[in-house]
Structure formats: C-alpha cells, structure tokens
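Computed from the coordinates by the stated procedures, all read-outs in this text should not be read as laboratory data. Predicted model only: the values in this text are computed from it and were never measured. Here the Cβ positions follow ideal geometry from the backbone for every residue, glycine too, while neighbour counts run over all protein chains shown.
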Amino acid sequence: MPPAQNRPEPQLLPGLAVAGVAAAMAAVALFAWMGATVAAGRLLPFDAGVRKTVHAWASPSLTAFLRGITVFGESYFLVPAGAVAVILLLRAGRRRDARLFVVAALSAELLSEALKLLFHRARPEPYFGIQAPNTYSFPSGHALVPPCFYGVLAAIAASRLSRPAARAAVWTGTAVLVALIGLSRIYLGVHWASDVLAGYAAAAVWGVSLGAALEWRRRRRRPAQQDRDRV
C-alpha cells in the first residue's frame, strides 16, 4: 500500500478572513478621512449636532448610569482589572493567552496616546460639572482601548465555550459594553462624536492587524513543528 501523501492544510474560514480584511480597510479609510477632516476643522457642525442631540436625553438616572459605565474604560479600572485577568490566566496555565492579552491592551494604550499627540485636538467643555481630562481629544481612548481590552478577553472566554449561544452571549455583552462606554463619553461631554468613531475605527484596524500578525506567526511555526514531528 503506497504511503499516504501529505495533504495541504485547508484554509480556515476564508470568507471570514476576507471580511476581516475588508472591514480593516474600511476602518483605515474612515480613520484617515476623519483625521484629515478634523485637522481641517470641518467636522465641528457634525460634532456639535450630535453633542446637542445626545445631551437632550439627559436625566439624573441616565447620568448616574453612564458615569458608572464610563469607569469601565478608565485606566484606574483597567490596570488592576487587567492585572487580575493576567493572574487568573497564568494560574490556569494559559500563558499564551496571558501574553496575548498584555500585548493587545498595552499596545492599544500606546497607540491611543500616540494618536492623541499627533492630532492635538482640544476637548469640548464637559457637562455635569465633570473636569476635563488633561489629555487630547482625538481619538477617544475610551473607544480605542476597551474594544482591544475586552475584545481579547471575550475571545479567550469564547474559545473555551462549546455552545454557540454561550459564545454569542459573550460577544454580544462585550459589544454592548464597548458601545455604552463610547456613548458615555459623548453624553458626559468629554469627547466629540468623531473622537469616539475614530477610536472605534482605530481599534478595528489594530485588532485585525494583531490577529493577522498572530496568524502569520502561527503559520511560520507550523512547518518547524511538522519537521520535528517527522523525526
């Protein structure tokens, strides 16, 4: 009987990969357009209109709720929460997941700060007696960092779940939290709407880029592993 020939490994979810690349390209285009438009000062009418509309919803209960939600995007919450997540992952023996989480969270924070320094956009006047943060406004760090922070945690959690409904619940909850954090920044008046949209666009690009880098590394390591298996 002739020896079995090695078959090339099929591409995993090519449609999903194409969709991810297309989404990343669209996000790049959106961020580039918004960055150029913000630099030219042409988004102020849009931002002012959204700001006025969102502020019209104001109520004591909604203000209290969104002030609580915005904490989930603050560094004084994310840093200790991230440390706890890393400790739990290491104790569970999931060192690779812990490294991925640290890289995603820290790189997103560095990207946020670098972009803020690049654009130097002043913040709007906050509502409800809130003191404006002492950083620049564009893009919103609360719209850039939490999608990477919570998105990686959601991916790690979903990868351990066998039921599609449970995975869908994890991703839906994460998406709702991230959306509410962004909305809270507009509602509280500490960001323009374009800051938040640009933050989401940058997070999408960064997430797809990080995923592509991890996939490229995995594929590079696979031939070496196969060679060791043959020995």
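Counting every other Cβ atom within 10 Å of each residue's Cβ, 120, 142, 55, 191 order from fewest to most as 120, 55, 142, 191. Counting beta carbons within 10 Å around each of 69, 87, 186 and listing the fewest first gives the order 87, 69, 186. Within the set of other residues whose C-beta is less than 10 Å from the C-beta of residue 132, count the net charge using Lys and Arg as +1 and Asp and Glu as -1. Net charge around residue 132: 0. Fewest neighbouring Cβ atoms within 10 Å first, the residues 51, 121, 160 line up as 160, 51, 121. Charged neighbours of residue 146, selected by a Cβ distance under 12 Å, balance to -1 (K, R count +1; D, E count -1).
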